[in-house]
Amino acid sequence: MKKIIILDILLLLLPLKSFTQIVETVITHPKIADGIYVDNSGNVFTTSGGLASGTEIGKYDISTNNFNPDFAVGFSGPINIAPYRDSLYIVSNYDNSTVYAYNLNSNQIDTIALGLDEPAGIIIDANENIFVTNWGQAPAWAGHQIHKISSSGYVSNYADSLILYRPQGITINHLGELIVHSEQRLYKVNPSDSSLSLWVIVGHYIGNMVFRKKYSCIYGASNQGHKIIKIDHLGDVSIFSGSELGYLDGEIGSALFERPIGVAFSKSEDTLYISEGLGANRLRRVIMNETVTVPSNKTQNVVGIYPNPSNGTYIIKVKDKNEISVEVYSSSGELIFFQTKFNIETYLDLSKFPKGNYMIKLSDENQIITKKIIKI
């Protein structure tokens, strides 16, 4: 009995080993340019992109390892693709400001929305409503709308706000909330009046993004930052993979990306597919392999922000004297305060600002943390 106990203790003391998460290139082709979708069989559908005379939807067949760049044709700058009902796919066409419904069985294409402002991202809710973001017309590319196509086919300007600037990434979380990206921020859309409320300061520009149900988190492609960003259900932001412009397969900690733009999970969510556009034009994937969790060497430096709610005075407490950047944003996403902190315990004074909800972003060289604070 004693030997068994000793053996158990020794096993507990052994370092945990993880299944390595690997980035690998699947295919390279000039018609891989923007958003992607993975069907239930694991096949990947790609878009040939706007402003490049793209007219095609491609298909990577996982069973044969072959890519057909012209699987479906007749589109006009397709940016994104999403499944709908039986055999339909919804496609946003940037070049002619329309949304098409493509029938997989008959190859028929029907226009279901027109006159949009260069549509980009697509997400479909549980009630079969289609939401489409508008990137905006060249040369300003200053779209600020989300259109809604109801299950009955009615098209409406669902959200129209200057807070939205070149929105593309859009998704729905585990609570059924619509979340959209604009200017390095994620906003939640209020279903009662389509108003926007700031949820997370991401600190990175995001193209397309996808919600991972298994862990209730969002993965986004940072096209300008050449990274894949992860935002958990609490709003904590981390870099999943990538660091600088480059092209390197391998473990996620060392892999490099070149302008990633599309992200999509397989049905089981054990494989993340990533498309790279603007010259790279690659389809890559990450085998997630998360059976065992390995503790990170990078511990969170921020201990807490208190009291919360407060009458305007808060204490930010950290573990060490590493430089901490502090940013405070209003509920509309406006930066109202910035300072760099060095002390273990530092006061934050928001007494001159009105009562309400604010978002605080704390960042150092290892992490970005965003928290909601309330002034009463």
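Throughout, read-outs are computed from the coordinates displayed, never taken from laboratory work. Bear in mind that the values here come from a model prediction, so they are computed numbers and not experimental data. Note: ideal-geometry Cβ built from the backbone for every residue, glycine included; neighbour counts use all protein chains shown.
Of the beta bridges in the stretch 302-375, as assigned by DSSP with both residues counted there, near 95 percent are antiparallel.
Kirkwood's formula applied to the C-alpha pairs of the stretch 87-154 gives a hydrodynamic radius of 12.2 angstrom. Rounded to the nearest 500, the 222 nm mean residue ellipticity of the chain from helices alone is -1000 deg cm²/dmol, with -39,500 (n - 2.57) taken per DSSP H run of at least 4 residues. Calculated from the alpha-carbon coordinates, the stretch 22-287 shows an Rg and a Dmax of 16.8, 48 Å respectively. The label point for residue 236 and the one for residue 114, both projected 7 Å from the Cα toward the Cβ, are 5.0 nm apart. Give me, ordered by chain and number, the residues 5 or more places off residue 43 or on other chains with an amide H under 5 Å from its own placed amide H. Excluding prolines and chain starts, which carry no amide H, the hits are 62. At an R0 of 45 angstrom, the distance between the Cβ atoms of residue 150 and residue 345 translates into a FRET efficiency of 0.30. Between the helical axis of 2-13 and the longest alpha-carbon principal axis of the chain there is an angle of about 70 degrees. For the options 23, 326, 132, a Gaussian network treatment of the chain with springs between C-alpha atoms closer than 10 Å singles out 326 as fluctuating the most. Separation of the stretch 122-193 and the stretch 47-79, taken as the distance between their Cα centroids, equals 24 angstrom. Within the shell of other residues whose beta carbon sits under 14 angstrom from the beta carbon of residue 43, the net charge comes to +1, with Lys and Arg scored +1 and Asp and Glu -1. Mean-square fluctuation check for the chain, GNM, Cα pairs under 10 Å: which of 220, 253, 35 is largest? Highest fluctuation of the listed residues: 253. Here the relative contact order of the chain, from alpha carbon pairs under 8 Å that lie six or more residues apart, stands at 13 percent. A straight chain from residue 376 to residue 76 at 0.36 nm per residue would run longer than the Cα-Cα distance by 102.9 nm. Build a GNM of the chain with springs between Cα atoms under 10 Å apart, and of 62, 22, 252 the one that fluctuates most is 62. Both radii come from the Cα set of the stretch 302-375: Rg as radius of gyration, Rh as Kirkwood radius; their ratio Rg/Rh reads 0.93. Structure note, pairs 319/375; 148/214; 214/341; 227/267; 213/352; 59/188: Cα-Cα distances above 29 angstrom occur for 214/341; 213/352; 59/188.
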